[in-house]
1. Take the residues of segment 67-78 that are exposed (fewer than 13 other Cβ atoms within 10 Å of the Cβ) and either at pLDDT below 85 or of a type in the set (Gly, Ala, Ser) (or both): which is farthest from Gly35 (Cα to Cα)?
2. Report the residue count in segment 15-30 for those that are free of Cβ contacts under 8 Å to residues at least 12 places away in the same chain, surrounded by 11 or more Cβ atoms within 10 Å (Cβ to Cβ) and part of a helix (DSSP H, G or I).
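The values are calculated or read from the model by the stated rules, or taken from the named source; none is laboratory data. Keep in mind the model is a prediction, meaning the values are calculated, not measured. Cβ: placed from backbone, ideal geometry, glycine included. Neighbour counts: every protein chain shown.
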Amino acid sequence: MNVEIPDKLFFKIGEVAAITGVKPHVLRYWESEFGAFSPSKSRTQQRQYQKKDIELVLQLKDLLYNQGFTIAGARKALKTSKNTSPVSVPMSDRDQLIKVRDELRKLREFLND
């Protein structure tokens, strides 16, 4: 499942639905069923998904729709995969995180002046 995820910090629920092919009401349901899937919310209480959330949605979609897992089975498979595979951040993502951290540092310095 090779889906191109745009290079943004945050995505709205409609954008995630368009990227993943999973309807918004299903995304909201999955939030209630999977503890690992919990996007942050803006000041206006809109869901703010990150790239990692979209990747998780794609993984859940594969487990539930393609591999035929139940919700409980998918929950268990996610837990097992977390315990057995180390998390590795691709270099491009690592570079992005460093860039974001530096920008946040600059912003904090600006606000403190």
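1. Gly68
2. Looking only at segment 15-30, we keep the residues that are free of Cβ contacts under 8 Å to residues at least 12 places away in the same chain, and these are 17-18, 23-26, 29.
Still in the list and also surrounded by 11 or more Cβ atoms within 10 Å (Cβ to Cβ): 17-18, 23-24, 26, 29.
Still in the running and part of a helix (DSSP H, G or I): 17-18, 24, 26, 29.
The total comes to 5.
One line per residue, one yes/no per condition, for (1) touching a helix residue (DSSP H, G or I) at 6+ places or on another chain (Cβ under 6 Å); (2) at pLDDT 95 or above; (3) not charged (D, E, K, R):
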site	(1), (2), (3)
Ile13	yes, yes, yes
Ala17	yes, yes, yes
Ser32	no, no, yes
Gln45	no, no, yes
Glu55	no, no, no
